[in-house]
Every structure is written in C-alpha cells, then in structure tokens.
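S.K.: Submitted below is the structure of interest, expressed as structure tokens.
The values are calculated or read from the model by the stated rules, or taken from the named source; none is laboratory data. Quick caveat, the model's predicted, so the values are computed rather than measured. We place every Cβ from the backbone using ideal geometry, glycine too, and count neighbours over all the protein chains shown.
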C-alpha cells in the first residue's frame, strides 16, 4: 500500500529532546505540546516519503501500563495509536520494559502484511535492527529519524543507522516548535517552591509535635494546661491524643489522608484569603499557631462537632458529584479530562470543585461545605481522590496517592470553592 507509518519511541524522542534543550535526559525538564508534535511528525513524514499517512504509533512506558495524562490525550488524536510498556524503578532510576519488543512486533507485522510502503522510525535502539532488516526484506523503505544530539555526536545505534534506507535529523529548530525547556535556572537548579497553599499546610506541626507542646504546657502548671485546653476547645480542635477516635484516625491514615485544622486566625490566612489572592500565613511567613495539627479529612474520628448520631456535622446532606451529574455531562467531563486537564494535582482538585459547585441547585450546599473547611466530607473526599487516581496520581505502592499530591489535590479543591463562595457574596455591581 502506498502509505507511510511512523513508529515513535517516546522515551528516545523526548529524552533526547530534553538532553538537547535542558542539558539532561529527564523528561520532567521539558514541557511538550503533544498536538503540535504529532502534527509536525505527520507533516514531515508525508513530505519526506511522498506518501499519505496511515497512522502514527506512539510507544512509551507507564507504571503498571496505566495510561498517564499525556497518553490519554494522545490516544484520542486522529491517526494516533498508543502502545504502552511497563515502567519500573530500579536503583533509583526508571526503566522501560517491553517497549522495544512492542515496536519490533509492530514493525515486522506492518511489513509482512504490506500495510504500508514506507516506515519512519524515530528511535535509537539497536535492538530494533532485526525488525528493520525484516521490513526491508518485505519491500518496505525504512526512514530513520534522529534527534539532534546535544554533543554533536550520534545518539543512535551505528548498526541501525547503517541499515536504514534514509536518515534524517530532527534539529533544534524543528524540536522547539513543540518542545521547550522548563525555566528552572539550569540543570542543577533546586526544585520549584511549593504553592503557598500547600506550603502553609505542610508547615503545620505534626500531631506528635502538638503532643509535646501540650505536655510542656501541663508541666508548666495547671493554669497553663487549662489555658491550652480552653484555646483548643474554642477553635473546635481537640488534641489527637486526647479526643475519642484519634487513635482510630491514625490507624486509618493511609485510606483517608490528612489535612490541617488551623485556628480561626490561621483559617483566614490559609483558605479565605485564596479568593482575594493573598498569601496564606505559613508560606514564607510566621508558622501556624501551636493549636493547628494534622487531622484526617474523612469523617472517621471527627467527633468535636455536635449533630445527629452517625452524622456529627450534617455533611451527609451534601450531594456527591455523581449525584449532580447527568449522562450527557459525564460524557463531556470525560472528553475534557482527556483533552484539557493536564493531571497536575492542584488543577485536578480545582476541576472537581468547579464541576461540583457549577451543578449545585441549592446555594446553601456551597455555604455548608464552606463551613467544613479545611475538612472535606468523607463521601466527597473519597470521590475526589478516586477522580484524581484516573490521572495516574498514585505512588505505585499499595495503590495510595502520594501524601504531597493529596495535599495539593485538596488545596486546589478549596481554592476553587473559595473563589465560588467569594463570587456568591460579591455585590451585584462588582
């Protein structure tokens, strides 16, 4: 058939691009416009082979072969098929497993079935040499594309280069149409500073720190201990070691995650200032008050507030996103998740909260949720974390989302709720 096919080893293409633009092969050092990259590959393949494109195969690795956000976006693009191998971590480094074998199988199958007349290979791995030779024996012209090497030398197997019918180089000018280096100040730059909302949460003392503070207050005398008790009670926060359900909450930690319960003063800095664009307290400023301690965000162990038995805070009245979503909206949500949501934990929390607040029919529900800050009711929190897991936000150990990602997801959720609450209370003329 007079058509061309492109087989892309994403690990090679993006790793070599990172070396060229950022000085090291870590893909985290570059940002990629996948739509522009695919369009560039298609146009160049059709121009150089003088054949219409049949398909682009994108081969990449993923933990447990679970599609990551970029794979979800790629696989719904026209003429793009994603094939995933495993991504495993060994000695502190990630390694792809099964990607070369999948490329070899696809290469030989396409040639054997005469599905195309030209095959473009974007790879540097010599393990594909037998497949390349087999394709040539079936009458297929093989075009080998390389990414410009950072040191000016080859970054492909010499045997692979020798066997290819045609060879082209994707130079810096071509690469930078769709790929750019992230501005981190150089290869050895420190990691980016966390968002103020997350930094404020992470700066709160751990429960054991609060326990030590309480013990010190008790040792100082009955009056100091009584003052500490009154201070915590006034803020609706009891010490994890003193309140019923605390031990259960600690035991249930991996399933629920943790949040900070600040004092009213801290609450204004951590949450309500988000809508006004102010910097929360604790982010580069004074540390939160000693009464702020990490707490579980689910209903388990939450006994400070009054209310009917089995529903200590009335949160069961709040509808879940699933209850608020029609079949048509669910379809639209999936399309947006695939094509527009990057998978950044903070953004995921914002998207979930935006959908929830937009679909509420009773504004009182938004006000009720706002009073729960910083705790997200158990049913909604569980739904939020399940939604986040669709984007590959798992630590790949015991199927739990990384603790810092949970903080970021919930910080994004509250950020959006704060913005919507502020909009509800804005004067009509604003």
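S.K.: Has the range 26-42 got any residue that is crowded, with 19+ Cβ neighbours inside 10 Å, free of Cβ contacts under 8 Å to residues at least 24 places away in the same chain and closer than 24 Å to residue 164 by Cα?
M.R.: Looking through the range 26-42, none of the residues is crowded, with 19+ Cβ neighbours inside 10 Å, free of Cβ contacts under 8 Å to residues at least 24 places away in the same chain and closer than 24 Å to residue 164 by Cα.
S.K.: At least 3 residues that are more than 20 Å from residue 148 (Cα to Cα) and in contact with a helix residue (DSSP H, G or I) (Cβ under 8 Å, 6 or more places away or on another chain) in each: list the strands (runs of 3 or more DSSP E) lying fully within the range 13-107 that qualify. First the steps, then the outcome.
M.R.: Working: elements: 30-32, 53-62, 80-90, 93-97.
Because the criterion is at least 3 residues that are more than 20 Å from residue 148 (Cα to Cα) and in contact with a helix residue (DSSP H, G or I) (Cβ under 8 Å, 6 or more places away or on another chain), the strands (runs of 3 or more DSSP E) in the range 13-107 that meet it are 53-62, 80-90.
S.K.: In the range 107-123, what count of residues is obtained for those that are touching a strand residue (DSSP E or B) at 6+ places or on another chain (Cβ under 8 Å) and surrounded by fewer than 20 Cβ atoms within 10 Å (Cβ to Cβ)?
M.R.: Going residue by residue through the range 107-123, those that are touching a strand residue (DSSP E or B) at 6+ places or on another chain (Cβ under 8 Å) are 107, 110-111, 115-123.
Checking which are surrounded by fewer than 20 Cβ atoms within 10 Å (Cβ to Cβ) leaves us with 115, 117.
Looking only at that region, the number is 2.
S.K.: Considering only strands (runs of 3 or more DSSP E) fully contained in the range 139-200, which possess at least 2 residues that are at pLDDT 90 or above and under 30 Å from residue 114 (Cβ atoms)? Steps first, answer last, please.
M.R.: Numbers: elements: 141-147, 166-170, 179-181.
Where strands (runs of 3 or more DSSP E) fall fully within the range 139-200 and carry at least 2 residues being at pLDDT 90 or above and under 30 Å from residue 114 (Cβ atoms), they are 141-147, 166-170.
S.K.: Something else: Check residue 58 against each of (1) on the phi > 0 side of the Ramachandran plot; (2) crowded, with 19+ Cβ neighbours inside 10 Å and name the one condition it does not meet.
M.R.: (1)
S.K.: Another question, if that's okay. Take residues that are modelled with pLDDT under 80, within 20 Å of the chain's Cα centre (by Cα) and surrounded by 12 or more Cβ atoms within 10 Å (Cβ to Cβ) and tell me which of the helices (runs of 4 or more DSSP H) falling wholly in the range 308-366 contain 1 or more. Steps first, please.
M.R.: Values: elements: 321-324, 327-339, 345-358.
Qualifying helices (runs of 4 or more DSSP H): 327-339.
S.K.: Also: Does the range 71-91 contain at least one residue that is on the phi > 0 side of the Ramachandran plot and either at pLDDT below 85 or under 24 Å from the mean Cα position of the chain (by Cα) (or both)? Walk me through how you get there before you give the answer.
M.R.: From the range 71-91, those on the phi > 0 side of the Ramachandran plot are 79, 91; that's our starting set.
Adding the requirement that they be either at pLDDT below 85 or under 24 Å from the mean Cα position of the chain (by Cα) (or both) leaves 91.
Among the residues of the range 71-91, at least one is on the phi > 0 side of the Ramachandran plot and either at pLDDT below 85 or under 24 Å from the mean Cα position of the chain (by Cα) (or both), which makes the answer yes.
S.K.: Then there is this: Considering (1) out of contact with any strand residue (DSSP E or B) (no Cβ under 9 Å at 6 or more places or on another chain); (2) part of a loop (DSSP other than H, G, I, E, B); (3) surrounded by 19 or more Cβ atoms within 10 Å (Cβ to Cβ); (4) at pLDDT 85 or above, say which one residue 376 fails and leave the rest.
M.R.: Going through (1) out of contact with any strand residue (DSSP E or B) (no Cβ under 9 Å at 6 or more places or on another chain); (2) part of a loop (DSSP other than H, G, I, E, B); (3) surrounded by 19 or more Cβ atoms within 10 Å (Cβ to Cβ); (4) at pLDDT 85 or above one by one, residue 376 breaks only (1).
S.K.: Here is a check on your reading of the model: is residue 160 under 16 Å from residue 5 (Cα atoms) and buried (at least 22 other Cβ atoms within 10 Å of the Cβ)? Steps first, please.
M.R.: Values: under 16 Å from residue 5 (Cα atoms): no; buried (at least 22 other Cβ atoms within 10 Å of the Cβ): yes.
No, not satisfied.
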